[in-house]
Amino acid sequence: MVKKKLPLFPLSLLLLTFLVSPAPSKTQIVSPSSIFAGGEWRLLHSNIGISAMHMQLLSNNKVVMFDRTDFGPSNLSLPNGQCRMDSNDSALKVDCTAHSLLYDVATNTFRPLTVETDTWCSSGAMLANGSLLQTGGYNDGDHTIRLLDPCETDQCDWIEYQDYLLERRWYATNQMLPDGRIIVVGGRRQFNYEFYPRNGESSSSTYWLELLRETKDVYENNLYPFLHLLPDGNLFIFANTKSISFDYTNNRVVREFPPIPGGEPRNYPSSGSSVLLPLQFGPGLDDRGTVQAEILVCGGAPQESFSNAKQGTFVPAVSTCGRLKVTDSNPKWEMEEMPLSRVMGDMLILPTGDVMIINGAASGTAGWDMAREPVTAPVLYQKDEPINHRFTVMHATTTPRLYHSTALLVPDGRILVGGSNPNPYYNFTNVLYPTELSLESFSPPYLAPEYNSMRPRILSATGFFTYKQFLYIRFAVADYRTASEVSIAILAPPFTTHGFAMNQRMVMLRVMSVAQFPWFVHEVSAVGPPSAEIAPRGYYLLFVIHAGVPSSGVWVKVQTQF
């Protein structure tokens, strides 16, 4: 079905307006002069007690946030007078404060969680059953896995298993696989990968990955590589400038792609970002091999940025994006300039299928006090527009979000933004960029009140479905256009940290028909994804998009059988 783009009106034609907000009334408008063509920022909390270095949305509409345990005391106490004893902690041996919390999107409230081992610069993925798997970290946490279930009681907390991982996983990347396993790739001086769970010979060993060794930096590292699961079941792996299609089952390179032009590294500490653009499958029930896949890589920092920043010289960040159709017979990078140079930016897929680039800096690199010139204005990337006409600069926040900042999409279509701590410890005074404990939301232009009449409201949806199954979604909309302007998307919520949203994945479902009922009600019939290679089983947010305006998302579960 054809999906029209939401118009971005010239600012001169818009009236000043405020959002009829989906956020709770406790929020506070940051900029009363906000014009919604550029989106709107709101301050949700000035102090949540921790700096949100890592984030994951769970299927109960709660967000897990955490930083590291060796910062020293946070501003959030552990419950019931608890304290954490850690003889390995260089900052504080007895710590009675929390370094993790659970944020409730609906009520704008949060409660502390207890994490025992150090989660600094770790990784994660949501399992098929909805639990969060969290892997690695630093010091006593580098071989640890942690699980958190999305339950509705206040009793749920982290469960930790030390020494589960076969190798030290600090700055590693996770990716959900079609068979439900998680592959854990890389980490500091780790040019290999392993699997969770360890449930057989193939999952109980580590495997060498030559690409990580080939593209390591001068410090013998290759950190937070970009991973995307391709429609043929292989992995796209991008490390600094090079990328491959990789058969992890047989430990072999299927295909080498051209290096990204320009030669600037894009992974930590150069810290660009990457997304797999939304997958679409056409008429009929196409198999996995017919689905096209495009990778987008944006931002980063030149090779010398880290060493120069250590000497007090901050090199301008990378200003280019590269787009690669990896399913082409002869793929080539299509390069274009962003309106703002950016390092440490987060790239998030919106319900419309477009991409928001948010957070980061215009010079320097990732690391303690290694960046300058915060980029506080998000940029919208409209993927279906012609090259050099895809970017629109949004309204800026007043809060710098630099090293250790994060962002993620929540079901009502807003983006949560938190974190930023370019200091070795919690430090609020006598530093250029203090530790940031606030939590904000950014509402993209599709949430403007003038689109309320076109905004679909989901009344019911098939909650559980399997591959190639028909599903039905009923929605209400006051100003209905045509059936050709209705599309359905499912989005896997990512684990976000250090500028990369792990496991982020959108699949556009094939709409078969749209039926009209009384009282502004419509029913869409659509076809579920073709295979687990297209959409690994698990929980997704389902959105109805009408005339370029998305509904709020509802949770659905893709499963192999009933």
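We did not get these values from a lab; they are worked out from the coordinates using the rules stated. Bear in mind the structure is a predicted one, so any value in this text is a computation, not a measurement. Counting neighbours? That spans all protein chains shown, and the Cβs are built from the backbone with ideal geometry, glycine included.
Some points to look at:
- ³J(HN,Hα) computed for each position of the stretch 99-111 - Karplus, 6.51 cos²θ - 1.76 cosθ + 1.60, integer Hz, glycine/proline x: 10, 8, 8, 10, 9, 8, 4, 5, 9, 6, 10, 8, 9
- Kirkwood Rh (inverse of mean 1/r, distinct Cα pairs), the stretch 451-558, angstrom: 14.2 Å
- Positive end of the dipole of the chain (Cβ unit charges, origin at the Cα centre): among P231, A309, P178, the Cα lying farthest that way belongs to P231.
- Size estimate for the stretch 336-398 follows the Kirkwood approach: the inverse of mean 1/r over distinct Cα pairs works out to 12.3 Å.
- Look at where the Cα atoms of the stretch 139-172 and of the stretch 290-336 average out, and the two centres are 32 Å apart.
- Length added when fully stretched, R213-S460, from 0.36 nm per residue minus Cα-Cα: 83.9 nm
- Cα-based shape type of the stretch 60-177, given that a ≥ b ≥ c are square roots of the gyration tensor eigenvalues and the cut on a/c is 1.5: oblate
- Close lysine pairs were tallied over the chain: pairs 8 or more places apart or on different chains with Cα atoms under 19 Å apart number 11.
- A dipole drawn for the chain from +1 and -1 charges on Cβ atoms has a positive end, and of G300, F191, S123 the residue lying farthest that way is G300.
- Amide H contacts under 5 Å for T435, placed H, 5+ residues apart: N427, F428
- Sparse-neighbour loop sites [GluC sites (Glu not before Pro); the stretch 144-249; at most 11 other C-beta within 10 Å; DSSP]: E152, E220
- Pairwise FRET efficiency - Q561 versus E220, Cβ, R0 = 60 Å, nearest 0.05: 0.85
- Projecting the Cα atoms of A371, T69, H45 onto the charge dipole of the chain (Cβ charges, centred on the Cα centre) puts H45 farthest toward the positive pole.
- Label-to-label distance for R252 and E337 is 4.5 nm, based on points extended 7 Å past Cα in the beta-carbon direction.
- Label-point gap, in nm, between N452 and A396 - each point 7 angstrom along Cα→Cβ: 3.1 nm
- Pairwise centroid distance, computed over Cα atoms, of the stretch 347-411 with the stretch 487-562, Å: 24 Å
- Karplus-based coupling profile of the stretch 60-74, in residue order and whole Hz: 9, 6, 10, 10, 7, 10, 7, 10, 9, 8, 10, 7, x, x, 8, with θ = phi - 60° in 6.51 cos²θ - 1.76 cosθ + 1.60 and x standing for Gly or Pro.
- Other residues lying with their Cβ under 12 Å from the Cβ of E167 contribute a combined charge of +1, Lys and Arg counting +1, Asp and Glu -1.
- Distances between placed amide hydrogens fall under 5 Å for L509 paired with I488, A489, I490, all partners being 5 or more residues away or on another chain.
- Computed FRET value (nearest 0.05) for D479 with E523, which takes r as the C-beta separation and R₀ as 25 Å: 0.90
- Database note for the chain: Cys without another Cys beta carbon under 4.7 angstrom, C121.
- For a label point 7 Å along the Cα-to-beta-carbon line of F470, residues of the stretch 515-539 with backbone N under 19 Å: 515-517, 522-531
- Gyration tensor verdict on the stretch 193-257 (Cα atoms; rounded if a/c is under 1.5, prolate if a/b is larger than b/c, oblate otherwise): oblate
- Applied to the stretch 332-344, the Karplus parametrisation 6.51 cos²θ - 1.76 cosθ + 1.60 on θ = phi - 60° returns per-residue 3J(HN,Hα) values of 9, 5, 9, 9, 8, 8, 7, x, 9, 5, 7, 10, 6 Hz, with x for Gly and Pro.
- Cα gyration tensor shape for the stretch 117-198, rounded if a/c is under 1.5, else prolate or oblate: oblate
- Amide proton proximity set for R255, modelled H, under 5 Å, gap of 5+: S245
- When the convex hull of its Cα atoms is projected in every direction, mean area for the stretch 138-261 (nm²): 9.4 nm²
- Two-decimal ratio, the chain, of alpha-carbon radius of gyration to 2.2 N^0.38 Å: 0.91
- Each of Q292 and Q162 was given a label point 7 Å from its Cα along the Cα-to-Cβ line. The distance between the two points is 5.2 nm.
- DSSP-defined antiparallel bridges as percent of all bridges, the chain, nearest 5: 95 percent
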